[in-house]
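Asker: Dropping a structure here in C-alpha cells format, bear with me for questions.
The values are calculated or read from the model by the stated rules, or taken from the named source; none is laboratory data. Note that the structure is a prediction, hence the values are computed from the model and not measured. Cβ sites come from the backbone with ideal geometry, for glycine too, and all protein chains shown count toward neighbours.
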Amino acid sequence: MAILNDKEKLMLKIQSCSFAMKEAELFLDTHPRCAEAIEYYQKHKQMNEQYTKEYAEKYGVITMDQQSSEKKWNWTETPFPWERSVD
C-alpha cells in the first residue's frame, strides 16, 4: 500500500465521514426516532464539516458552494480534489 500524504489522509477522513453520514441517513429513514443513530449522524456531520473546512483552507475548495469570492469565481484556481498532485 502506498504511503498517503497529508492531503490524501484528510480527503480519506472526509470520504469516511461522508460514507458514515450516508449510511446513517439510510438507517434513519426507517428508524427516525433512534437517538443513537441521530447522535452518530450529528457526530460525523460535525467532523465532516471540520475536515472539509480544514481541507479548503489548506488545499482549496472541494465543492462549488465553498467558493468564497464575490468578485471572482475561484472554484477552478486549485486542482480539483480528485486530481492527484505530485508532491
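Asker: When segment 12-34 is examined, which residues are found to be touching a helix residue (DSSP H, G or I) at 6+ places or on another chain (Cβ under 7 Å) and under 16 Å from Q50 (Cβ atoms)?
Answerer: K13, I14, C17, S18, A20, M21
Asker: Does segment 45-61 contain at least one residue that is more than 23 Å from K9 (Cβ to Cβ), assigned to a helix (DSSP H, G or I) and at pLDDT 70 or above?
Answerer: Scanning segment 45-61, I find no residue that is more than 23 Å from K9 (Cβ to Cβ), assigned to a helix (DSSP H, G or I) and at pLDDT 70 or above, so the answer is no.
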